[in-house]
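J.: Input: one structure, supplied below.
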Amino acid sequence: MKRIMILLIFLTILAGCSLSNNDKIMDQFMGKAPYAESIVVLHKEELDRGIMMLFKDESGFRHALFSRKLGYWNMSGNAELNPKDGFTWTMSNDPNIPIVTFAGIVTNDEIKKVMVRQETLSEQAKIIETEQGRVWFTYFDTLENADPAPLKIEALSDRGQILWKEGIYDGKLFRGETENVRW
């Protein structure tokens, strides 16, 4: 019985420390966010490396990554909240973490998959349904070094058709809806 009481006390103390640490992390987030008073968190997810936060504020959609290793938040620039062509994205690249994050909003119901491609690497984004609409994110450890940068962002239908894209295609920069869009 004494061991159970000691275990319960230990777990209570441990939980209290954990909550206190989470509060400090969120306080740090709010202190670094440019428009903290207007933030609405759309999605928060624990990752192996830290915490991914998808949110909106008075400037638009943003995302941030908390690095557990460095105890540091890296904030993205902003993107449109209501994209006219059904898709938007933003990225953050901090070589100090190092991790490259991508996130955005999907308003075109035909878009079912988001791919971020480099020359030899590609990642499928996680799309999340929230009360405020669909958001997505993915990340790479680093960006590949190439000139010009071969980065491509693609939003695809459930049949694999590219509905929206940005990147260098056939030697030319392309950004926006493709001919496959029906909405």
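The values are calculated or read from the model by the stated rules, or taken from the named source; none is laboratory data. Keep in mind that this is a model prediction, so the values were computed, not measured. For neighbour counting, all protein chains shown are included, and Cβ atoms are generated from backbone atoms with ideal geometry for every residue, glycine included. For accessibility, only protein heavy atoms count, side chains too; no ligands or nucleic acids. Shrake-Rupley method; radii C 1.70, N 1.55, O 1.52, S 1.80 Å.
J.: What does the charge count near residue 138 come to, summing +1 for each Lys or Arg and -1 for each Asp or Glu among other residues with Cβ under 9 Å from its Cβ?
T.: In short, 0.
J.: Follow-up. At a Förster radius of 22 Å, what calculated FRET efficiency corresponds to the Cβ-Cβ distance of residue 141 and residue 32, to the nearest 0.05?
T.: 0.45
J.: Further question: Express in Å², to the nearest 10, the accessible area of residue 89 obtained by rolling a 1.4 Å probe over the protein heavy atoms while all chains stay in place.
T.: 50
J.: Across segment 22-151, how many lysine pairs separated by 8 or more positions, or lying on different chains, have Cα atoms within less than 21 Å?
T.: Final tally of qualifying lysine pairs is 18.
J.: Compute the angle between helix 2-32 and the longest alpha-carbon principal axis of the chain, please, reported from 0 to 90 degrees and rounded to the nearest 10.
T.: 40
J.: Could you calculate the contour length gain from residue 122 to residue 93, that is, 0.36 nm times the residue separation minus the distance between their Cα atoms, to one decimal place in nm?
T.: Gain on stretching residue 122 to residue 93: 8.8 nm.
J.: Further, regarding this structure: For residue 165, list the aspartates and glutamates whose Cα falls under 17 Å from its own Cα; do not include residues on the same chain fewer than 8 positions away.
T.: 80, 85, 109, 110, 119, 123, 154, 177, 179
J.: About the Cα centre of the chain, how large is the charge dipole given +1 on each Lys and Arg Cβ and -1 on each Asp and Glu Cβ? Please answer in debye to the nearest 20.
T.: My answer is approximately 620 debye.
J.: A follow-up question, please. Return the whole-Å distance between the Cα centroid of segment 50-68 and the Cα centroid of segment 113-183.
T.: 19
J.: Taking a ≥ b ≥ c as the square roots of the Cα gyration tensor eigenvalues, with a/c under 1.5 meaning rounded and otherwise prolate when a/b beats b/c, else oblate, which class fits segment 55-183?
T.: oblate
J.: In percent, what relative contact order does segment 45-183 have, based on Cα pairs under 8 Å that are 6 or more apart in sequence?
T.: Result for segment 45-183 is 16 percent.
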